[in-house]
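What follows is a set of notes on a single structure, which appears directly below.
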Amino acid sequence: MRFGPAGNPPSFQTAGHKSSLDMPAWLRARGLNAYEYQCVRGVHIGEGTARQLGRLAAENDIRLSIHAPYYITLGTADDVLKEKTTGHLLKSMQAANWMDAAVVVFHPGTGAGEDRRETLQRAKKLLGEILQQAREMGLAQIKVAPETAGKPAQLGNLEEVLELCDCGPQVVPAIDFGHLHAASGGGFTGEEAFMAVLDRVEAHLGREAVRHLHIHFSPIEFTRAGEKRHRTTLEPGFGPDFALLARLLVKRELEPTIICESYDRQAEDALVFKQLYEEMKNADK
Ligand SMILES: [Zn+2]
């Protein structure tokens, strides 16, 4: 099991740290062991820094992942956007290669439009082409993970994410339970909803895929249009409840990576989740 934050939390900066290179040791000192490096505004990290981060992460037993830029729109019909999307994903994969990161998470993007099927077909075609280019660049071993979307209007419901995974063994799902909860109008209030997702991933991709799933988790506020903003475990009334998932992880002996995206409390809430999981595990013995 791995727990860690998305990006650098304010508490890290308050402690006087500026560089992400300080994150691996800082996380380890707190009992965390995963870190999702944020490239959401573009991939700006150079090779030297990326390799150094990778080394420090390995030394501190931190599993690295990368969150690719938000500007990706896999389902676009526009040639300029296709080229930009390709660039963002390939640059993220290149950085992942330097860092030895386990996976590049990305949002399939907007543009579900009138015909979702057509958008999805375009997305699959473009992803296939990008992966072909990645192989030519020597990046065949880098995994990419389309993430479940927080709004129903976005491409990336669970079925669409699983279908994108059909593009090849390099593609694995990123399951954001906060997003699924928001996109379903608050559907994740019982264990069954979580179980259904794990079952569906296992049926489509097999036991190993579900065992080592890449998961995003945070309390979330939503409207009828889906995700509004990420919240924290300190704010009552915002689901989903991590305890529901934690119990299932113990029962099914799963060992996913849990990346916490709680607003400004991504490391603190990652520890809250870790503690909940450990309580469930000890109660199970
Ligand atoms: Zn995301």
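Read-outs: derived from the displayed coordinates by stated rules, not from any lab. Note that this is a predicted model, so its numbers are computed, not measured. Please note: Cβ atoms are built from the backbone with ideal geometry, for glycine as well, and neighbour counts cover all protein chains shown.
Sorted on the mean count of surrounding Cβ atoms within 10 Å across their residues, most packed first, peptides 138-151, 223-236 read 138-151, 223-236.
When you work out D = kT/(6 pi eta Rh) for the stretch 112-263 at 20 °C and 1.002 mPa s, using the Kirkwood radius from C-alpha pairs as Rh and the Stokes-Einstein form, the result is 133 µm²/s. Each part reduced to its alpha carbon centroid, the stretch 73-129 and the stretch 218-251 end up 27 Å apart. Under 5 Å from the amide H of Ala149 lie the amide H atoms of Asn157, each residue being 5 or more positions distant or on a separate chain, with H modelled from the backbone and absent for Pro and chain starts.
Bridging of Lys143 to lysines at a Cα separation below 19 Å is possible for Lys91, Lys124, Lys125, once same-chain residues fewer than 8 apart are set aside. Working note: 222 nm ellipticity from helices only, DSSP H runs with n ≥ 4, each -39,500 (n - 2.57), summed and divided by the residues of the chain, gives -14000 deg cm²/dmol to the nearest 500. For the chain, the dipole from Cβ point charges (+1 on Lys and Arg, -1 on Asp and Glu) about the Cα centre works out to 400 debye, to the nearest 20. The protection proxy used here, the mean number of other Cβ atoms lying within 10 Å of each residue, ranks peptides 273-284, 193-204, 12-23, 174-185 as follows, highest first: 174-185, 193-204, 273-284, 12-23. Bridgeable lysines around Lys251 (alpha carbons under 17 Å apart, same-chain partners fewer than 8 residues away excluded): Lys274, Lys281, Lys285.
Working from Cα pairs under 8 Å separated by at least six residues, relative contact order for the stretch 149-285 is 24 percent. Whole-Hz Karplus values for the stretch 159-175 come out as 4, 5, 4, 5, 5, 5, 5, 5, 5, x, x, 6, 9, 10, x, 10, 9 Hz, taken residue by residue from phi with 6.51 cos²θ - 1.76 cosθ + 1.60 and θ = phi - 60°; glycine and proline positions read x. Taking the square roots of five times each eigenvalue of the Cα gyration tensor of the stretch 2-284, the equivalent ellipsoid has semi-axes of 27, 24, 18 Å, listed largest first.
Which of rounded, prolate, oblate describes the stretch 112-185, given a ≥ b ≥ c as roots of the alpha-carbon gyration tensor eigenvalues and a/c under 1.5 marking rounded, otherwise prolate only if a/b is larger than b/c? Here the stretch 112-185 falls in the oblate category.
Bridgeable lysines around Lys228 (alpha carbons under 19 Å apart, same-chain partners fewer than 8 residues away excluded): Lys151. Counting only DSSP beta bridges with both residues in the chain, the antiparallel share comes to about 15 percent.
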